[in-house]
1. To one decimal in nm, how far is D:Arg291 from the same spot in the other copies, if labels go 7 Å from Cα toward Cβ? Please give the shortest first.
2. Which lysines does A:Lys90 reach when only Cα atoms under 22 Å apart count, and residues fewer than 8 places away in its own chain are ignored?
3. Can you give me the long-range amide H partners of B:Gly235? Hydrogens built in the peptide plane at 1.01 Å from N, cutoff under 5 Å, separation of 5 or more residues or another chain.
4. Measuring from a point 7 Å out along Cα→Cβ, what nm distances, shortest first, does D:Val259 have to its partners in the other copies?
5. Using a Gaussian network for chain A with springs between C-alpha atoms less than 10 Å apart, which of these wobbles most: A:Glu184, A:Glu37, A:Glu322?
6. Return the sequence-ordered ³J(HN,Hα) values of segment A:45-59 in whole Hz as given by the Karplus equation 6.51 cos²θ - 1.76 cosθ + 1.60 applied to θ = phi - 60°, using x for Gly and Pro.
7. Mind grabbing the accessible area of D:His172 for me, 1.4 Å probe, Å², rounded to tens?
8. Would you tell me the mean number of C-beta atoms belonging to other protein chains that fall within 10 Å of each C-beta in A:275-287, as a whole number?
Protein chains: 4
Amino acid sequence: MSNIRVAIVGCGYWGQNLLRNFAELDQAEVTVVCDFEPRALTRAKKRYPSIEICQNYADVLTNERVDAVVLATPVSSHYPYARQALQAGKHVLVEKPLAQSSRQVMDLIRTAEAAGKVLMVDHTFLYTGAVRQMKSLVESGEIGQLLYFDSVRISLGLVQSDINVLWDLGPHDLSIMDYLCEREAVAISATGVKHLNTPYENIAYVTVQFEDNFIAHFHLNWMAPVKVRRTLVGGSKKMIVYDDMENSEKVKVYDKGIVQNHDPEKRERLLTGYRNGDMLAPRLDTTEALRLMAQDFVTSILQKRAPLSDGYSGYRVVRLLEAAQRSIEQNGRLIELRESPISLEELLPVSRLAVGD
Amino acid sequence: MSNIRVAIVGCGYWGQNLLRNFAELDQAEVTVVCDFEPRALTRAKKRYPSIEICQNYADVLTNERVDAVVLATPVSSHYPYARQALQAGKHVLVEKPLAQSSRQVMDLIRTAEAAGKVLMVDHTFLYTGAVRQMKSLVESGEIGQLLYFDSVRISLGLVQSDINVLWDLGPHDLSIMDYLCEREAVAISATGVKHLNTPYENIAYVTVQFEDNFIAHFHLNWMAPVKVRRTLVGGSKKMIVYDDMENSEKVKVYDKGIVQNHDPEKRERLLTGYRNGDMLAPRLDTTEALRLMAQDFVTSILQKRAPLSDGYSGYRVVRLLEAAQRSIEQNGRLIELRESPISLEELLPVSRLAVGD
Amino acid sequence: MSNIRVAIVGCGYWGQNLLRNFAELDQAEVTVVCDFEPRALTRAKKRYPSIEICQNYADVLTNERVDAVVLATPVSSHYPYARQALQAGKHVLVEKPLAQSSRQVMDLIRTAEAAGKVLMVDHTFLYTGAVRQMKSLVESGEIGQLLYFDSVRISLGLVQSDINVLWDLGPHDLSIMDYLCEREAVAISATGVKHLNTPYENIAYVTVQFEDNFIAHFHLNWMAPVKVRRTLVGGSKKMIVYDDMENSEKVKVYDKGIVQNHDPEKRERLLTGYRNGDMLAPRLDTTEALRLMAQDFVTSILQKRAPLSDGYSGYRVVRLLEAAQRSIEQNGRLIELRESPISLEELLPVSRLAVGD
Amino acid sequence: MSNIRVAIVGCGYWGQNLLRNFAELDQAEVTVVCDFEPRALTRAKKRYPSIEICQNYADVLTNERVDAVVLATPVSSHYPYARQALQAGKHVLVEKPLAQSSRQVMDLIRTAEAAGKVLMVDHTFLYTGAVRQMKSLVESGEIGQLLYFDSVRISLGLVQSDINVLWDLGPHDLSIMDYLCEREAVAISATGVKHLNTPYENIAYVTVQFEDNFIAHFHLNWMAPVKVRRTLVGGSKKMIVYDDMENSEKVKVYDKGIVQNHDPEKRERLLTGYRNGDMLAPRLDTTEALRLMAQDFVTSILQKRAPLSDGYSGYRVVRLLEAAQRSIEQNGRLIELRESPISLEELLPVSRLAVGD
């Protein structure tokens, strides 16, 4: 089968990374780069002289040498651009977040299914060796019952001009949590603040509640002096610390836990103690996650199957984001997720593998 | 003037630390140790043979060789024991939290004032070199306008048998925040979960809102596989990271911040950028904090002045704790602090220096 | 059997630690504390009022209430004091290094054997959970063939007034290496420098060569701005990093190594590659090492057996120290260890278990 | 002036980095890439289609579209290739080490001077923000008198097939030391071992002695389970820790030191104490060092001046390497540097700025 011909739309910081990765895939070929900025096009052309460049997105849509469109454009353009591309018969990969509302995402899912095209969101972290290792630890039962998920993603800048910290950083951790924990949230509350006259929240704290006493919490901050990217996953048998700032040993599995003291006689202060065992840092695959993500997009097209971070993954994340946003705007009020316009149950009949032409 | 004669009541883990520190003070003398457990008394007697031991708190109250009582007993006993001691004419130092409700604390404050005795709560962290250094950085204006306070205090165990993680670990960070930030909270929300059939919350997230867009957040967890004690203080000019697990350089001051881009022409993605300067880790006084706290109690008695962590400090902390607890019980509902039984304004006429003979 | 009655001689920084540990042992009792400094005696008496104090070492030697002498005095006194104590019929534990020359140590060993008394040196680190764990990893064969031992022990101060950094810090790492690696050194070279008009070397680098291509290297420094205590043990199968400054996970075992590429066709740059597997941080016993060392001394006396860090352990360490010192004085010349006054072979007939009365 | 036309010779791992950096310079243009491996040429051509490729180095030498040759070839080819290029009238930049002996380097220097061409060695680290910051700290006198330089560069692999760890990793740290400390070594001793049947040393320890009690030490290791790249620079006023594995704050300046106690009365154990002040981590320029190095080469050609890491820098480093190698082969014998074939004094008359045509 011939190579998938890809157009990169938006060639800023992340677009250049996507360009490089797609350019180096065996089964793909970047035929077009599109950007408003002439400078971005010149830069791309210098690196990849055989690539066609254009400033007008409409030209991408009508270009017959384009099978798939990769959108690394501002978030507000994700929905209209993706919709147009699907309707023009292109497969679509969209930078996170997939769109600005769960309604938009659902519409994209329906449009992709009607068109028989692949719709994918770039939840890059799902493709890291670290997250894949954690997934296998959770799935194998080694961690035991999941108790909590706690994530901190903070650093200085980059303050975005079109979205707040929740919509910018949140998709990373929400998608990881969604992937690892595979359970439906029942309610969400969030607090956000805007400092220094920025129009958007630069700090957000998000708490997600689930039915089974499992809890997830997210600290997102663009104004922290240090870069922290750390996730704790607490289980009844073992606990994981995932520290993405470590050069190696990013995932540490602690054989630690709480043990109950059932001796009724004991008049001691501690009714419960803790178990303190070994720590294991498993070897991780170090393949670039973006490469694997790009490959999954191409393979999904070729094999007519859904990618790992498909439209539904995008939907579940955007649904949490919009509920968290609503909570922020209502000063931290608990938002029941059944208040969302479309419930997840409603989605279930839609087969995740229904991609075809 | 003769030495202050101290009774240590409750000689478990923390009581032993208090015993050692008071025993080594120049202007104090530990005359009595009281504990229900004969073993605790034997251990204390072996170390300090000249000390009088007793199992009955009533004996401490009537003992004429006791000027001041130091309570390191279960939280539920703080209020009755402290009240009895004050009424018996003893000065009182109480382990944190000062009591179980703000009403109780207020009653202790009134009782102490009526008796002309010192009432103090052991907010040990206020006496660390790290917190004192941070206080001076905030007070000098070097940090600029305070933007946020974010604190994480997590580790494995020790699960307490009489209080939850909020009341056990929360007083440390709430007292530091109260001391550094000196502003009145307007609302608080908190989420807590109980895992593994423990009767008390073992994880709590607390968000405190203030009038001026300043925000404080606390992550408290008894079930984390790693020990983290890190506080971020964000200012408009500089930012502080206080990492209590560092062997040295516990306080780092970052000359970092967000800068606005006022160029209206600029069509760039970033309307705001960040400033990235030096980092300074100031030398810290390494005197044991508990020693300084004990000394402050003794000096306050001798000089008839209020200690740093006086009853009002205890009141402000307990007021936040009880509002956070209420929020946890109402599933994260935002609690306005004016809902509290006694407002802080009401307290103001009471002179903080009204300690007398 | 009745308790072993111990005299602590020298009650400065380390002597106080020894005092506390012996005082809390079940089978021992500290009956006497001896120090030139009245202040040290007052301090000890305040803590342990029942203890007899004296300023004159001769009084310890003749005291019938003393079964064993613990020497925490300046290094130059170790030999004469230990010799006198053994001759007076006391068991002897000596602070490291055991003496100032291997001849002195050998004489102490002979004296102890003649007197049927225990002679022990305080190589505290051998009793840490970390070193004991490493020992078991090496002994079990899990590490494979030992390739190298590399140790760094640096910090700021404390500059000693009677010995250089080699004799002060060196015994720690040399005793650990001796214990773990159990092989005879054939040659040693060392470089040392004296800065800022100090009479003694404040930096030393020591390289020890062995017959089987195993190499050991030691970096000792009193003038480093940061505290580093890190040892690498390289094996053909696994490698260990022992970082004593870590709060937990002090010992990390890396399933890493070099693999040979035997493909003769391969014209690649790399003839050898590396194997990169998991890392395991085993749970360590956290019992205070000094307690276990003190206990070993007492048990050795009671059971008439040799302690772990017996005179021969002290001998092997002092023999390396004196050869390294000679090398420093000869500007790094390689010193063959058979140049030493007494060879290790000469010692072999002497049974290590010949302690008895 | 027209762009400098560059040929990249050897396009393996490092050659590709050089290619990318020269391709992106404003005043340079990569016209030719030469490599034995067709695969390397295909890869380069795919990225930069306008580049001429060739397998034969002779074709580079005769190519009139080449002003300057950049050699990233095996070390044994450095000398003949560089010599030929200079004689063919090309400027030359050589990967470190500049050649295999100081005689070879001296011949290259003379050849370059005769030809009026730039000869440069790629001591990349001199161009890092970290080393430039350290240089300014040393030069300004802020550090005081230099006392020691201690460097550790260890990790797992990559074992090289043509040189040992000394010649592979040593140039980095020796060039940094040479640049920062600017003093002439008088003697050197080194120990190295070969493990696992590798033909070359995989561990080396190097000690360099200087006239003024300043000492430098280097630990180089290809078989360490962890990656450490840490340099300590001790001064009489301040001390620097340069940790290249840190994500930020790579350079930390400690206001710490030893202070003499001049009180003759004092009978205390400590005659010297230490001073413990603030730590400052200055902001560092994060421009890619390789970019600055490439730019320095091009600017040197255009401005007819010597680059920072010129032939003499290469000479001083190779001179230390060959003396260290000799010491390794003589089992750690101290090698006096005046034993070297050409003394540094002999070089002094040669102007470092005599580049020109």
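1. 2.4, 5.2, 5.7
2. Straight-line reach from A:Lys90, under 22 Å: A:Lys117, A:Lys304.
3. Placed amide hydrogens put B:Leu147, B:Ile240 under 5 Å from B:Gly235.
4. Those label-point separations list as 3.8, 5.1, 5.7 nm.
5. Of A:Glu184, A:Glu37, A:Glu322, the Gaussian network model singles out A:Glu37 as fluctuating most.
6. For segment A:45-59, the Karplus-derived couplings read 4, 4, 6, 10, x, 7, 7, 7, 10, 7, 9, 10, 5, 4, 5 Hz, x marking Gly and Pro.
7. D:His172 has an accessible surface of roughly 40 Å² with all protein chains in place.
8. Numbers: counts 3, 7, 2, 7, 10, 6, 7, 4, 8, 2, 0, 1, 0.
Partner Cβ neighbours, averaged per residue: 4.
The values are calculated or read from the model by the stated rules, or taken from the named source; none is laboratory data. Since this is a predicted model, take the numbers as computed values, not measurements. Because the Cβ atoms are built from the backbone with ideal geometry, glycine has one as well, and the counts that use them run over all protein chains shown. Quick note on the areas: whole protein, heavy atoms, side chains included, nothing else; ligands and nucleic acids left out. Shrake-Rupley method; radii C 1.70, N 1.55, O 1.52, S 1.80 Å.
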